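Below is one structure; the comments refer to it alone.
The values are calculated or read from the model by the stated rules, or taken from the named source; none is laboratory data. Small disclaimer: the values here were computed from a predicted structure and weren't measured. With ideal geometry, Cβ positions are generated from the backbone for all residues, glycine too; neighbour counts draw on all protein chains shown. Please note that ligands, DNA and RNA were not included when accessible areas were found on the heavy atoms of the full protein model with its side chains. Shrake-Rupley method; radii C 1.70, N 1.55, O 1.52, S 1.80 Å.
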Amino acid sequence: MLLHGYGVSGTYMLPLARSLAPSFSVFVPDLPGFGRSEQPPTPLGIADLASALADLLDAAELECPAFVANSMGCQVVTELAVRLPGRIGPIVLIGPTVDPQRRSARRQLIGGLRDAAREPGSLLARTACDDVRFGVAALLATARSALADRIEERLPLITQPTLVVRGEKDGFVGETAAALLPRGRLVVIPGQPHAVHYTRPDLVARMVDTLVAEEVEQVGSQLHWRFPHRYVPAAEADELRTRQDVLPFGRDPRGKQPVVLAPNE
């Protein structure tokens, strides 16, 4: 299950979905009020979006899927992981927000502007279209909920194996999230922005594959891979070349030290 972030839809998760599709059945939802989903009567906060996500799991008959979330999507999936831990499998948090050291609206705005300059133009255009559909009032209400949400209080309660992925040039987040997770690991990808799953979907897909394989080996069971495919809107050609590098990702024997990939990996 690929979960989008603030003010955008699931379309910017599609490059990663295509990289994962040969190995997994991939679900790319639009949360209520985002993308092509229905607009709720009032904008939903993080807790409400987590409830909607639980309903989606029920509707899709997914027992315990792996999650890959970006930005505000990390807040939503961690809320559900604490509330209903049995419904969530291994988790990948890409650029989790909000960093408690940068919680003010001013710092988030500065970080957002800094990060926007590093994102590819195709992603910025897609985000602009999603923002127009979402509306200014809804964007502001959701931003207030995200800023007020205390993700750092939930992270120590999450029991799932969790990989935190951070682009080196991410203007939003620090590196505190992985240290708070009981089973957390951190990977920093040099030269990449907040939406590293969009700029390097091939690399992130191999990380997901490794994390899920480790969990299957540990629990001694098989996951259900082959669900019927659902409709995914706006299929688009991936602009990035898929690379065949060996995945430079593994356990750090010292514990919580981040794994920093080499620039050419």
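Order the peptides 66-73, 199-206 from the highest to the lowest mean number of other Cβ atoms within 10 Å of their residues. The partial results should precede the final answer.
Working: 66-73: 26.6, 199-206: 22.5.
For the peptides 66-73, 199-206, the packing ranking is 66-73, 199-206.
Tell me the carbon and sulfur percent of the accessible area for segment 1-51, rounded to whole percent, probe radius 1.4 Å. Could the numbers behind the result be given before it?
Details: 1010 of 1790 Å².
Summing carbon and sulfur atoms, their accessible area is 57 percent of the total for segment 1-51.
Rank by packing, highest mean first: peptides 144-156, 45-57, with packing defined as the count of other Cβ atoms within 10 Å averaged across residues.
On the way: 144-156: 16.8, 45-57: 18.8.
Packing order, densest peptide first, comes out as 45-57, 144-156.
How much FRET efficiency would the formula 1/(1 + (r/R0)^6) give for Arg36 and Leu84, where r is the Cβ-Cβ distance and R0 is 25 Å, rounded to 0.05? List each step's numbers first, then the result.
Details: r = 26 Å, r/R0 = 1.03.
With R0 = 25 Å, the Cβ-Cβ based efficiency is 0.45.
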